[in-house]
Number of protein chains: 2
Amino acid sequence: MRVDLLNTGTELLLGDVHDAHLAFIAQEIFPLGLRIAERRTVPDGEAIRDALTELFSRAEILFVTGGLGPTTDDITREIVADVLGLELHQNPQLLASLRQRLDARGIKWTSRIARQADVPAGAEILPNENGSASGLYLKANINPHIPSPHLFVLPGPPRELQPMFLASAMPILRSIVQVPASTERRLYKIVRMGESTVEEAIGEKVLAIPGIELGYCARPGEVDVRIIGEPDAISRADAIIKHELRLSIFSVSDETLEEVIVKLLGQRNETFAVAESCTGGLLANRITNVPGASKVFIAGYVCYANQAKIDMLDVDPTLIEKHGAVSEPVARALAEHARTRAGSTYALATTGIAGPSGGSPEKPVGTVYIALRVPDDIMVKKLFFPSDRETFKQLTAQAAFDLLRRKILGT
Amino acid sequence: MRVDLLNTGTELLLGDVHDAHLAFIAQEIFPLGLRIAERRTVPDGEAIRDALTELFSRAEILFVTGGLGPTTDDITREIVADVLGLELHQNPQLLASLRQRLDARGIKWTSRIARQADVPAGAEILPNENGSASGLYLKANINPHIPSPHLFVLPGPPRELQPMFLASAMPILRSIVQVPASTERRLYKIVRMGESTVEEAIGEKVLAIPGIELGYCARPGEVDVRIIGEPDAISRADAIIKHELRLSIFSVSDETLEEVIVKLLGQRNETFAVAESCTGGLLANRITNVPGASKVFIAGYVCYANQAKIDMLDVDPTLIEKHGAVSEPVARALAEHARTRAGSTYALATTGIAGPSGGSPEKPVGTVYIALRVPDDIMVKKLFFPSDRETFKQLTAQAAFDLLRRKILGT
């Protein structure tokens, strides 16, 4: 069934308010086999009428959000009734509960507020536990003369819409679509491969499976692959993806690389520390965003200045003089001493040139050394990420975490 | 002029990716007198064609985002050319710079990547400094037989779209709309006051000035105030805002708090260090995002575990035993020793309970101590930010940076 979403609200189009409805509704209806085909955002007022008319001609289920409040620009209820040729009737129970609600809060009663008790003929009321504006459900073709989809009219504030959606809209949706819908979805989060490399590895093979949908989403140092289809197609695609991408898949649920590391270390009762020059605290910051990080993360040495490398981590000044701060020997010394100082199982170290200045022909901006000290070994990788400063830091962090992850997994 | 926005991307409709384009574009075009009349979000593929065709009939300026990458579901470029009846030509300069970009990164060249060098006949190329997909500008009615709006085709990733928009799209937009040169816009970035407190302080007074537009945007620990109007109205509003908000204004250009600190310290040839328990590297990470941070930032001690506080910064273990790690004496010791160790002018320290666990009735989740050691004094603030873990870290970082900023300014 085709599902569309119409968000109304001038404030949404000014860009000051982040619209949370698409993400919430999309994720809730997915298990019913429903996906949003199109989302529109229009201002309060008459633009809603045009959008409704257009969407009525294609949607089978339509969600409309916003414009149910008491102010003059809240006219969604009136437009819906008008477009569908339905009369509005004041609902006495709704009116009484509105009055009670306002009295309890000491808010003055106005005729504008009373409009919130108006209901189009034949509509079902979706109670609002967290606000004054009730939602509405109007079944498909509620006026036999005007073709219309199943229509859900929902309040704008997420803390009102979300509980209402779960309590009242979902049961109606379940009866409309008659689940179980067999469509499944899988997510694979991939590190150390670019988007086009990932596609080359799996694209053709996966798309050769009938009925599979495949999508990619790239972020700095990370590619998400999504597949959607019937269980049979999904399990065939899953086998291909896992075979082709293997250890580059760091998560099949929605975890970050740092969450995976905190989990892996926690399971093994192991710990780690970081010595950060060029990443400047990003590794520590990302790890400490994970609840429970304190069990596995001991310490971070952000040794930004050369003197700090010497003072904090006993790096031999002659090493820096001879090889430069951005060098394999210095990366090695940082990881070595961070592990000893912190008394951790592992230590990661980064030293590189984030730019925009500080590069040289020999070591251009983007050059980075990542060292990993493990109990019985030490390894150093030289990488090159010529990009803006923050992306450089992100790419370095991804590579460093991935190095640690693979080592923990024993590969 | 009517402006519409078309966001393309299946991942957007699945609700997994937060779409940042509407907010960004709406705020940038606002000073030009432009507002977005409608935003649509459609999946990759043929739905783009239908949406383009419909929007061509009403938009005068149309922004299309996404689908310019190298994978098979990236077909925005092809659909645009097709709908407008324009041939695609491979642009040799674009091809050469793509090749160079990929070679520099050691990424294998594929024919799919080469598609990114295809340009519809007559389109202007909008260079992408942060990715491989160039943007496109096609002037209104570029094919005289097919009515079309001014069309901007932009890449999906915000870190590519945003710099391109500012550098290339804005100048074109300015020439299209020919804004009256007299409209000015001012920005005030405010710390230590919530949105409603800011509004209470300035709202009525500023809005009493004829012809002024006033907007707020709140983020964790920060409120942006924007005013737009004729020079005369602007200077009256400016006087009110500066008088009411004074030192809570940390920037009147688009600087972050960390940029302000790097600038202030740089001007004074002063330096600083941080000792971070609950912020876990966020202070260091934010400071090292600023180009030139190495001139003023010496070292960060991310002493997450109690033992790390003792080992890294000589905190007396009996202090921790007696008062707990989250306490005024420990915050004080951290700042004191961080300054001595790093040999810096200033040192900031944070220790608190980020949650979700670890709270107690006496020290609930959200409790934080921030200490600032300056050459001749030390101060400690106890604050309470009961929120989720990442917001807690951000609010603490804002408060810590603001404490340092005010001290540097001698207030």
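Do we find that A:V177 is modelled with pLDDT under 95 and among the β-branched types (V, I, T) in this structure? Steps first, answer last, please.
Details: modelled with pLDDT under 95: yes; among the β-branched types (V, I, T): yes.
When the stated conditions are applied, A:V177 passes them.
For B:A233, state whether it is surrounded by 14 or more Cβ atoms within 10 Å (Cβ to Cβ) and of a type in the set (G, A, S). Walk me through how you get there before you give the answer.
Details: surrounded by 14 or more Cβ atoms within 10 Å (Cβ to Cβ): yes; of a type in the set (G, A, S): yes.
So B:A233 fits the description; yes.
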Of all residues in region A:307-349 being of a type in the set (D, E, K, R) and crowded, with 24+ Cβ neighbours inside 10 Å, the one that is farthest from the other protein chains (Cβ to nearest Cβ)
A:R339
What tally of residues in region B:25-36 results from selecting those that are more than 7 Å from chain A (Cβ to nearest Cβ), surrounded by fewer than 20 Cβ atoms within 10 Å (Cβ to Cβ) and either outside any helix (DSSP H, G or I) or not aliphatic (A, V, I, L, M) (or both)?
4
A:I113 - would you say it is modelled with pLDDT under 90 and touching a Pro at 6+ places or on another chain (Cβ under 8 Å)?
yes
Tell me yes or no: at least one residue of region B:250-271 is part of a strand (DSSP E or B) and within 27 Å of B:T183 (Cα to Cα).
yes
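Could you tell me whether B:E184 is surrounded by fewer than 18 Cβ atoms within 10 Å (Cβ to Cβ), under 25 Å from the mean Cα position of the chain (by Cα) and within 30 Å of B:N130 (Cβ to Cβ)?
Numbers: surrounded by fewer than 18 Cβ atoms within 10 Å (Cβ to Cβ): yes; under 25 Å from the mean Cα position of the chain (by Cα): yes; within 30 Å of B:N130 (Cβ to Cβ): yes.
Criteria met by B:E184.
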Kindly indicate whether B:E54 is of a type in the set (D, E), facing another protein chain (nearest Cβ under 7 Å) and part of a helix (DSSP H, G or I).
no
Tell me the residue from B:F250, B:F272 that is among the hydrophobic types (A, V, I, L, M, F, W, C) and closer than 23 Å to A:T351 by Cβ, please.
B:F272
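If you check B:F56, B:F63, which single one turns out to be under 22 Å from B:F165 (Cβ atoms), out of contact with any strand residue (DSSP E or B) (no Cβ under 6 Å at 6 or more places or on another chain) and aromatic (F, W, Y)? Give the steps one after another, and end with the answer.
Details: B:F63 fails: out of contact with any strand residue (DSSP E or B) (no Cβ under 6 Å at 6 or more places or on another chain).
None of the other options fit; the residue is B:F56.
From the list A:T350, A:T396, A:T340, which residue is closer than 15 Å to A:K309 by Cα and touching a Cys at 6+ places or on another chain (Cβ under 9 Å)? Working first, answer last.
Values: A:T396 fails: closer than 15 Å to A:K309 by Cα; A:T340 fails: touching a Cys at 6+ places or on another chain (Cβ under 9 Å).
A:T350 is the lone residue from the list that is closer than 15 Å to A:K309 by Cα and touching a Cys at 6+ places or on another chain (Cβ under 9 Å).
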Among the residues in region B:133-151, are any among the charged types (D, E, K, R) and within 14 Å of another protein chain (Cβ to nearest Cβ)?
no
Could you look through region A:291-300, keep only residues that are in a loop (DSSP other than H, G, I, E, B) and surrounded by fewer than 22 Cβ atoms within 10 Å (Cβ to Cβ), and pick out the one that is nearest to the chain's Cα centre (by Cα)?
A:P291
So in region A:350-366, with the set limited to residues that are more than 12 Å from chain B (Cβ to nearest Cβ) and surrounded by fewer than 24 Cβ atoms within 10 Å (Cβ to Cβ), which one is nearest to A:G280 (Cα to Cα)?
A:G359
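Among the residues in region A:237-247, are any assigned to a helix (DSSP H, G or I), of a type outside the set (D, E, K, R), farther than 29 Å from A:R406 by Cβ and in contact (Cβ under 8 Å) with a residue 60 or more places away in the chain? Don't jump to the end; show me each part of the working.
Taking region A:237-247 first, the residues assigned to a helix (DSSP H, G or I) are A:237-247.
Right, trim to of a type outside the set (D, E, K, R) and you get A:237, A:239-241, A:243, A:245, A:247.
Restricting the remaining residues to those that are farther than 29 Å from A:R406 by Cβ gives none.
Scanning region A:237-247 turns up no residue that is assigned to a helix (DSSP H, G or I), of a type outside the set (D, E, K, R), farther than 29 Å from A:R406 by Cβ and in contact (Cβ under 8 Å) with a residue 60 or more places away in the chain.
Kindly provide the set of residues from region B:110-124 that are in contact with a Phe, Trp or Tyr (Cβ under 8 Å, 6 or more places away or on another chain) and among the aliphatic types (A, V, I, L, M), ordered by number.
Within region B:110-124, B:A123 is the sole residue that qualifies.
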Filter result for the condition that a residue is in contact with a His (Cβ under 6 Å, 6 or more places away or on another chain), assigned by TED's automatic domain parsing to the domain that holds B:S132 and either basic (K, R) or more than 12 Å from B:T8 (Cβ to Cβ) (or both), over B:I113, B:I61:
B:I61
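Given the criteria facing chain A (nearest Cβ under 9 Å), crowded, with 22+ Cβ neighbours inside 10 Å and without any contact (Cβ under 8 Å) to a residue 60 or more places away in the chain, does B:V42 qualify? Spell out how you get there, then give the answer.
Numbers: facing chain A (nearest Cβ under 9 Å): yes; crowded, with 22+ Cβ neighbours inside 10 Å: yes; without any contact (Cβ under 8 Å) to a residue 60 or more places away in the chain: yes.
Considered against the rule, which asks whether it is facing chain A (nearest Cβ under 9 Å), crowded, with 22+ Cβ neighbours inside 10 Å and without any contact (Cβ under 8 Å) to a residue 60 or more places away in the chain, B:V42 comes out as yes.
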If A:V206 satisfies every condition in (1) touching a helix residue (DSSP H, G or I) at 6+ places or on another chain (Cβ under 6 Å); (2) at pLDDT below 95 but one, which is the exception?
(2)
Extreme residue, farthest from the other protein chains (Cβ to nearest Cβ), among residues of region B:265-294 that are at pLDDT 95 or above and at positive phi:
B:N269
Looking across region B:296-306 at residues that are within 7 Å of chain A (Cβ to nearest Cβ) and free of Cβ contacts under 8 Å to residues at least 40 places away in the same chain, the single one that is farthest from B:R405 (Cα to Cα) is B:A305
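Within region B:1-24, can you find the residues that are of a type outside the set (K, R), out of contact with any helix residue (DSSP H, G or I) (no Cβ under 8 Å at 6 or more places or on another chain) and assigned to a loop (DSSP other than H, G, I, E, B)? Before you say what the answer is, go through the steps one by one.
At the first step, the residues of region B:1-24 found to be of a type outside the set (K, R) are B:1, B:3-24.
Among the residues that remain, those that are also out of contact with any helix residue (DSSP H, G or I) (no Cβ under 8 Å at 6 or more places or on another chain) are: B:9-11, B:23.
Hit for region B:1-24 is B:G9, nothing else.
Determine whether region B:262-274 contains at least one residue that is more than 22 Å from B:T340 (Cβ to Cβ), charged (D, E, K, R), surrounded by fewer than 24 Cβ atoms within 10 Å (Cβ to Cβ) and in the same structural domain as B:V368 (by TED's automatic domain parsing). Talk me through it step by step, then tell me what you get.
Initial filter on region B:262-274 (more than 22 Å from B:T340 (Cβ to Cβ)): B:262-264, B:266-267.
When the remaining residues are screened for being charged (D, E, K, R), the result is B:263.
Next, from what is left, pick out any that are surrounded by fewer than 24 Cβ atoms within 10 Å (Cβ to Cβ): B:263.
Filter once more, keeping what is in the same structural domain as B:V368 (by TED's automatic domain parsing): B:263.
Yes, because at least one residue in region B:262-274 is more than 22 Å from B:T340 (Cβ to Cβ), charged (D, E, K, R), surrounded by fewer than 24 Cβ atoms within 10 Å (Cβ to Cβ) and in the same structural domain as B:V368 (by TED's automatic domain parsing).
Within region B:302-411, considering only helices (runs of 4 or more DSSP H) that don't extend past its boundaries, which have at least 3 residues that are within 33 Å of the chain's Cα centre (by Cα), outside the structural domain of B:R246 (by TED's automatic domain parsing) and closer than 30 Å to B:I249 by Cβ? Lay out the reasoning, then the answer.
Numbers: elements: B:306-313, B:317-323, B:328-342, B:389-408.
Correct list: B:328-342, B:389-408.
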Hey, among A:T8, A:T71, which residue is surrounded by fewer than 16 Cβ atoms within 10 Å (Cβ to Cβ), within 18 Å of A:L161 (Cβ to Cβ) and not hydrophobic (A, V, I, L, M, F, W, C)?
A:T71
Test result for B:K139, modelled with pLDDT under 90 and out of contact with any Phe, Trp or Tyr (no Cβ under 7 Å at 6 or more places or on another chain)
no
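Working only within region A:146-200, note down all residues that are on the phi > 0 side of the Ramachandran plot and of a type in the set (D, E, K, R).
Of the residues in region A:146-200, the ones on the phi > 0 side of the Ramachandran plot are A:178, A:192.
The answer is A:R192, and nothing else.
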Here are the criteria: (1) surrounded by fewer than 16 Cβ atoms within 10 Å (Cβ to Cβ); (2) within 24 Å of B:E46 (Cα to Cα). Tell me which single one B:L95 does not satisfy.
(2)
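Considering only residues of region B:66-88 that are more than 14 Å from chain A (Cβ to nearest Cβ) and in a loop (DSSP other than H, G, I, E, B), which is nearest to the chain's Cα centre (by Cα)? Explain how you work it out, then say what you get.
Taking region B:66-88 first, the residues more than 14 Å from chain A (Cβ to nearest Cβ) are B:76-88.
With the extra rule that they be in a loop (DSSP other than H, G, I, E, B), the set shrinks to B:84-87.
Working: B:L84: 35, B:G85: 38, B:L86: 36, B:E87: 37 Å.
In this case the residue turns out to be B:L84.
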Scanning region A:11-24 for residues that are in contact (Cβ under 8 Å) with a residue 24 or more places away in the chain and more than 8 Å from chain B (Cβ to nearest Cβ), which turns out surrounded by the most Cβ atoms within 10 Å (Cβ to Cβ)?
A:H21
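The values are calculated or read from the model by the stated rules, or taken from the named source; none is laboratory data. Note that the structure is a prediction, hence the values are computed from the model and not measured. Cβ: placed from backbone, ideal geometry, glycine included. Neighbour counts: every protein chain shown.
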